[in-house]
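J.: For reference, the structure I am asking about is given below.
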Amino acid sequence: MSGALQAVFQNHRSFVYDVDYLVIAGGGGGGADIGAGAGAGGYRSGSNQVTGGVALTVTVGSGGTAGLAAGSVNGGKGSDSVFSSITSTGGGFGTTNSVGGSGGSGGGGRAPGGTGGAGNTPATSPSQGNNGGDGASNSAGGGGGAGAVGAAATVTNGGDGGAGTASSITGSSITRAGGGGGDGFGGTDGAGGAGGGGAGGGANNGTVNTGGGGGGGAISGNGGAGGSGVVIIRYLGAQRGTGGTVTSSGGYTIHTFNSSGTYTA
């Protein structure tokens, strides 16, 4: 290969580089009227390759709507987040009625005896979330989190939301994608899962840009809305790409998308 051709070849290769990603979908909305906690948004992390100059659409999923006591309306499912070929699925809704919704993590079930929704739906490997907790005769289960299943309710106590998962992609360890807590009837309300899950027993929203699930509402009360998701991209070395909020830590350049946009590699 001539020197000129080799230079062209090396220059072409330099445009392809590795990035780490964290893609979290919007959390589901909590159920109402002794409502169940909602599931956290799907949580996916890993590495991928991008090509210099190519624009990639970044979608940050919104949180699901809160369940309403009037009309016995379930919470809404969270919206998906997308980066390149990676899609994280919105969190399953917390039910106002019986069975929790499926999603990245599943929503909790509600009395009497409703089952929690399935997490990691559709299935990915590694898993992007966990199941919601079952309801009991008078109380509601917690939503699943990225790191743990939602807790089942007892007769009087709501289930805690499942814990999220910690990531140091931004340079600091931050836990995200916790499930929402379920409402307890006459006992203790479920705590929100670590990582942005809303507590049960009120209209307690999941934390924005964590994918946290909304908490289940109290008797005759509305649930909490789900927290929006987030997409974070990093690579070693000086800044190459554009898009999002750009920071640096530990020799990495980091692009954080708290809302939808474009990453140009």
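J.: Below 14 angstrom from the Cβ of A218, what's the summed charge of the other residues (Lys, Arg +1; Asp, Glu -1)?
T.: On the way: positive: R110; negative: D33, D183, D189.
Neighbourhood net charge equals -2.
J.: Of V149, G53, H255, whose Cα points farthest to the positive end of the dipole of the chain (charges on the beta-carbon: +1 Lys, Arg; -1 Asp, Glu; origin at the Cα centre)?
T.: G53
J.: Taking the Cα centre of the chain as origin, sum charge times position over the Cβ atoms of Lys and Arg (+1) and Asp and Glu (-1), and report the length of that vector in debye to the nearest 20.
T.: Values: 7 positive and 8 negative charges, 116 e Å.
Charge dipole, the chain, about its Cα centre: 560 debye, nearest 20.
J.: Roughly how far apart, in whole Å, are the Cα centres of the range 96-157 and the range 190-261?
T.: Centre-to-centre (Cα) distance: 20 Å.
J.: Separate question: Quick one: angle between helix 3-13 and the longest Cα principal axis of the chain, in degrees between 0 and 90, rounded to 10, please.
T.: Computed tilt is about 10 degrees.
J.: Assuming a viscosity of 0.890 mPa s and a temperature of 25 °C, what translational diffusion coefficient in µm² per second does Stokes-Einstein assign to the chain, Rh being the Kirkwood radius over Cα pairs?
T.: Values: Rh = 17.5 Å.
The calculation lands on 141 µm²/s.
J.: Assuming 0.36 nm per residue, please report the length gained on full extension of the stretch L236 to S98 beyond their Cα-Cα distance.
T.: That works out to 44.9 nm of additional length.
Rule-based calculations on the coordinates, nothing more; no lab input. Model, not experiment: these values are computed from the prediction. Cβ atoms come from the backbone with ideal geometry, glycine included; neighbour counts cover every protein chain shown.
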